[in-house]
Amino acid sequence: MKSAHILLVEDNEGDIYLTLEALNESAVENKVSIARDGQEALDFIFKTNGFEHQATPDLIILDVNLPKKSGHEVLHELKQHHNYKKIPVVVLSTSSSKEDIDLSYQNYANCYITKPAEVSDFLKTVASIQNYWFDTASLPVN
């Protein structure tokens, strides 16, 4: 059985709950860490401000609309850093604006997905993210 470390960067408690539910139903053994704002995500990734002993995630699921630092700012800073730019980032956001999508790809997001409104569709979407990145794709070695 495969195991994976996912960093979920999300400030909406309902979306956190649903994402964890979908990830827990999979055959992949997950360790999921949660950052509830953009600054906390950067601290986690760069191992600063109390996160010095955290393992580097295999995948980041990132919301765009976050407090303190936006998902775009997180993505931009992450992809500028040699040691962390290879971590795949899936942007999962309620925003379907062309500007958010374009800016995410300009900042080297690996994928942009608009959150489905229906719970069952949301669960399927998260499951498909996990299936793709851990069953189909080959991840970089940390």
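Quick notes on this one:
- Counting only strands (runs of 3 or more DSSP E) that sit completely within the stretch 28-142, those holding 1 or more residues that are open to solvent by 60 Å² or more (accessible area, probe 1.4 Å) and either touching a Lys or Arg at 6+ places or on another chain (Cβ under 8 Å) or acidic (Asp, Glu) (or both) correspond to 29-35.
- Scanning the stretch 53-95 for residues that are farther than 11 Å from Ala35 by Cβ and in contact with a Pro (Cβ under 9 Å, 6 or more places away or on another chain) turns up Asp58, Leu59, Lys86, Ile87, Pro88.
- Residue identified as more than 21 Å from Asp11 (Cβ to Cβ) and not acidic (Asp, Glu) among Lys31, Lys85, Lys69: Lys85
- Only listed residue being among the aromatic types (Phe, Trp, Tyr) and under 13 Å from the mean Cα position of the chain (by Cα), chosen from Tyr112, Tyr105: Tyr112
The values are calculated or read from the model by the stated rules, or taken from the named source; none is laboratory data. This is a predicted model, so every value here is computed, not measured. Here the Cβ is made from the backbone with ideal geometry for all residues, glycine too, and neighbour counts use every protein chain on show. All accessible areas refer to the heavy atoms of the entire protein, side chains included, with ligands and DNA or RNA removed. Shrake-Rupley method; radii C 1.70, N 1.55, O 1.52, S 1.80 Å.
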